[in-house]
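*Asks:* Handing you a structure now.
The values are calculated or read from the model by the stated rules, or taken from the named source; none is laboratory data. Being a predicted model, the structure only gives us computed values, none of them experimental. All Cβ positions, glycine included, derive from the backbone under ideal geometry; neighbour counts span all protein chains shown. Accessible surface areas use protein heavy atoms only, side chains included; no ligands, DNA or RNA. Shrake-Rupley method; radii C 1.70, N 1.55, O 1.52, S 1.80 Å.
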Amino acid sequence: MTGISYVDGRYVSHAEAFVHMEDRGYQFADGVYEVIAVYGGKLVDEASHLDRLERSLSEVGIAFPGSRASLGIVLREMMRRNRLKHGSLYLQVTRGVARRDHAYVDAMRPVLTVAVRRATPPLRSASLAGYRVISIPDIRWKRCDIKSVGLLPNILGKKQAMRAGAAEAWMIDEAGMVTEGTTSNAWIVTATGELVTRYLDEGILPGVTRRALIGFAERAQMPVVQRAFSLAEAKTAREAFYTSATAILRPVIQIDETKIGDGVVGPVARRLVDAYFDALETV
Ligand code: PLP
């Protein structure tokens, strides 16, 4: 994160972007967040991200910071002040600052912070390389549909993946089903050509990229089924991949020690990557 950040009503140098130590986000992970990709100076899927932010906030009883319109102004001002063309915005809303106490008072003033991450424009080639994932037990809480800043299981899982030389870890529930990646949604393509991603409930995050890709697939008349799939099924799938706002789509060519399909990027992943990038480049 570089340049200018936004902290609770003020634009400040990133080096001086501090919150109070009794911010409940810091002490209790009592807050939610969003990561919105920026492409060509525009926010990608802004409405879906703000809808999800609104929902996360309402599920944990934190007030929306200002209005949707005022938040939109802050996000645009952050892109302008940072001359951000490509990268992402990280926004976080915590319940606010108060003397440390598990019980919070109602109607606290939420604290909004926003930071930018500069990046080179995403490349189709990154989405047409093969990535490895490992499987790990899903040890998270039972409300993974809320984009909470409480991410300890995710960060430990991601580190485990890195240590294993893999790009992502897919989390497996007690029934042996794949829930999602530590920072992404999981997909497979079955032997019959069915595109499968887990249904939405409280077990996974409703990914904005997942939703966009379901739209692209349906418009291209590719059959999409939202159902649970097991790790065993994933290992015998014809293709597998994962999606997120910043990674877009990453084809999976190996899960644990098992090669997926022919061990190369498959045609379904290619079609979806093309559809996504074509849309991104014509906005
Ligand atoms: N699942 C988890 C746990 C995530 O952290 C993320 C993104 O960070 C996703 C899924 C993908 O969501 P999106 O496509 O909105 O980035």
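*Asks:* By how many degrees, between 0 and 90 and to the nearest 10, does the Cα long axis of helix 208-219 differ from the longest principal axis of the chain?
*Replies:* Taking the Cα atoms of the chain, the angle to 208-219 is about 40 degrees.
*Asks:* Efficiency by 1/(1 + (r/R0)^6): what FRET value for GLU16 and ARG211, r their Cβ-Cβ distance, R0 = 45 Å, to the nearest 0.05?
*Replies:* 0.80
*Asks:* Quick one: which of LYS159/LYS259; LYS42/LYS147; LYS158/LYS259; LYS142/LYS259 span more than 26 angstrom between C-alpha atoms?
*Replies:* As for pairs spanning more than 26 Å Cα to Cα, those are LYS142/LYS259.
*Asks:* Could you tell me what percent of the accessible area of the chain is made up of carbon and sulfur, with a 1.4 Å probe and every protein chain present?
*Replies:* Of the solvent-accessible surface of the chain, carbon and sulfur hold 54 percent.
*Asks:* If the viscosity is 1.002 mPa s and the temperature 20 °C, what translational diffusion coefficient in µm²/s does Stokes-Einstein give for the stretch 4-118 when Rh comes from Kirkwood over Cα pairs?
*Replies:* For the chosen part, D equals 148 µm²/s.
*Asks:* Moving on to the next point. Can you give the extra length, in nm with one decimal, that the chain gains between ALA191 and ALA129 once fully stretched, where that is 0.36 nm per residue apart less the Cα-Cα distance?
*Replies:* In short, 20.2 nm is gained.
*Asks:* Suppose only helical runs count, i.e. DSSP H with n ≥ 4. What mean residue ellipticity at 222 nm does that imply for the chain under -39500 (n - 2.57) per run, divided by all residues and rounded to the nearest 500 deg cm²/dmol?
*Replies:* Mean residue ellipticity, 222 nm, calculated: -8500 deg cm²/dmol.
*Asks:* Between ASP201 and LYS159, 0.36 nm times their residue separation minus their Cα-Cα distance comes to what?
*Replies:* Extra length available between ASP201 and LYS159 comes to 12.5 nm.
*Asks:* Considering every Cα-Cα pair within the stretch 114-237, what fraction, in whole percent, is farther apart than 24 Å?
*Replies:* Counting pairs separated by more than 24 Å, the tail of P(r) holds 30 percent.
*Asks:* Right, here's the next one. Test of understanding: what is the full-extension gain from ARG109 to LYS142, defined as 0.36 nm times their sequence separation minus their Cα-Cα distance?
*Replies:* Working it through step by step, the gained length comes to 9.2 nm.
*Asks:* For the stretch 58-68, in order, what is each residue's ³J(HN,Hα) by Karplus, 6.51 cos²θ - 1.76 cosθ + 1.60 with θ = phi - 60°, in whole Hz (x at glycine and Pro)?
*Replies:* Coupling constants for the stretch 58-68: 5, 5, 10, x, 9, 5, 5, x, x, 10, 4 Hz.
*Asks:* Here's a follow-up. Counting DSSP beta bridges with both partners in the chain, what percentage is antiparallel, nearest 5?
*Replies:* 80
*Asks:* Between the stretch 170-230 and the stretch 72-127, how far is it from one alpha carbon centroid to the other, in angstrom?
*Replies:* Taking the Cα centre of each part, the stretch 170-230 and the stretch 72-127 sit 27 Å apart.
*Asks:* Continuing with this model, one more query. Ranked from highest to lowest mean number of other Cβ atoms within 10 Å per residue, what is the order of the peptides 143-152, 242-251?
*Replies:* Per-residue Cβ counts within 10 Å, averaged per peptide and sorted highest first, yield 242-251, 143-152.
*Asks:* Looking at the chain, I'd like the Rg to Rh ratio, where Rg is from alpha-carbon atoms and Rh is Kirkwood's inverse mean 1/r.
*Replies:* Using only Cα positions, Rg/Rh for the chain is 0.98.
*Asks:* Please calculate how many Å² of accessible area the chain carries per residue, with a 1.4 Å probe and no DNA, RNA or ligand atoms counted.
*Replies:* So the chain comes to 49 Å² accessible per residue, rounded to a whole number.
*Asks:* Moving on to the next point. Label-point separation (nm) for ARG68 and ASP262, each offset 7 Å from Cα along Cα-to-Cβ?
*Replies:* Those two pseudo-labels are separated by 4.6 nm.
*Asks:* Quick one: grab the alpha carbon gyration tensor of the stretch 64-156, order the square roots of its eigenvalues as a ≥ b ≥ c, and give me rounded if a/c is under 1.5, else prolate or oblate depending on whether a/b is larger than b/c.
*Replies:* Verdict is oblate for the stretch 64-156.
*Asks:* Taking only C-alpha pairs under 8 Å that are 6+ residues apart, what is the relative contact order of the chain in percent?
*Replies:* This gives 18 percent for the chain.
*Asks:* Apply 1/(1 + (r/R0)^6) to the Cβ-Cβ distance of ALA29 and ARG118, taking R0 = 30 Å, and write down the FRET efficiency to the nearest 0.05.
*Replies:* 0.70
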